[in-house]
Amino acid sequence: MNHTKRLGIFGGSFDPPHTAHIALAKHAIEQFELNELRIIPTGDAWHKDRALTASPHRLAMTRLAFADMPHTVVDPREIDRQGATYTVDTLEQLKAEWPEAHLYLFIGADQAIAFQSWHRCQDILGLATVVVADRLQSRQGSPVSQWHNAVSPDLQRLDMPSLNVSATEIRAHLAQGPHPAAAMSAWLPAAVQHYIEKHSLYR
């Protein structure tokens, strides 16, 4: 039996962490039989065209969102790292910490389409198996359906249902003022919603 550690990496701004993030994590652990999935909130997101919520809030919300999920660890290394931070730096660190581990990097379909613009993207392919969680319903000939041809034939797909959940839409709703917990329950874990209300985020 192969006892090599299977370590997943799932990064993102988590601004806020929502139910689609949780669903992705569950499917990733099950489909790839991960020993551990590292949930890594981004630090200095140089590629974002908007200011992120302060990193202590995003880290706290992410810890609340994944508190009860086995095999997950919320990893603050990209927030703690000074300056611009890149996925390849994180993968190199993890590979140094677990040289024998098989790394799986989980990214969304929108990230896959832009993958060739990532810093040292070819080195990423050498460090980890890249897995695309396609939350969009791909059509033949669409950019989403061609991600594996454009980047690498070795990329894999995460099988999960399409979930109509968007952090952008969640922030827009929250900006309009407090919502009843039931109204947001399909989008946000209760603990995350309580944290947002307590700290008056996204107003």
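Considering only residues that are under 11 Å from the mean Cα position of the chain (by Cα) and not hydrophobic (A, V, I, L, M, F, W, C), which ones fall in segment 6-15?
Gly8, Gly11, Gly12, Ser13, Asp15
Return the pair list, or none, for Cβ contacts closer than 6 Å from residues in segment 53-82 that are without any contact (Cβ under 8 Å) to a residue 12 or more places away in the chain and in a helix (DSSP H, G or I) to residues that are crowded, with 17+ Cβ neighbours inside 10 Å and not polar (S, T, N, Q), at least 6 apart or on different chains.
Here the result reads Arg63/Val74, each pair linking segment 53-82 to a residue that is crowded, with 17+ Cβ neighbours inside 10 Å and not polar (S, T, N, Q).
Could you list, ordered by first residue, the pairs with Cβ atoms under 8 Å in which the first is in segment 113-130 and in contact (Cβ under 8 Å) with a residue 12 or more places away in the chain and the second is among the β-branched types (Val, Ile, Thr) and not in a helix (DSSP H, G or I), at least 6 apart or interchain?
Hits for this filter: Phe115/Ile107; Phe115/Val130; Ile124/Val130; Ala128/Ile9; Val130/Ile107.
Of all residues in segment 97-142, count the ones that are out of contact with any His (no Cβ under 9 Å at 6 or more places or on another chain) and either in a helix (DSSP H, G or I) or at pLDDT below 85 (or both).
23
Conditions (1) assigned to a loop (DSSP other than H, G, I, E, B); (2) modelled with pLDDT under 95; (3) surrounded by fewer than 17 Cβ atoms within 10 Å (Cβ to Cβ); (4) among the polar types (S, T, N, Q), marked per residue:
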position: Leu7; (1), (2), (3), (4): no, no, no, no
position: Phe14; (1), (2), (3), (4): yes, no, no, no
position: Glu30; (1), (2), (3), (4): no, no, yes, no
position: Arg38; (1), (2), (3), (4): no, no, no, no
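Hey, among the residues in segment 165-186 that are exposed (fewer than 10 other Cβ atoms within 10 Å of the Cβ) and assigned to a loop (DSSP other than H, G, I, E, B), which one's modelled with the lowest pLDDT?
Pro180
The values are calculated or read from the model by the stated rules, or taken from the named source; none is laboratory data. This is a predicted model, so every value here is computed, not measured. In this analysis, Cβ positions are derived from the backbone assuming ideal geometry, glycine residues included, and neighbour counts consider all displayed protein chains.
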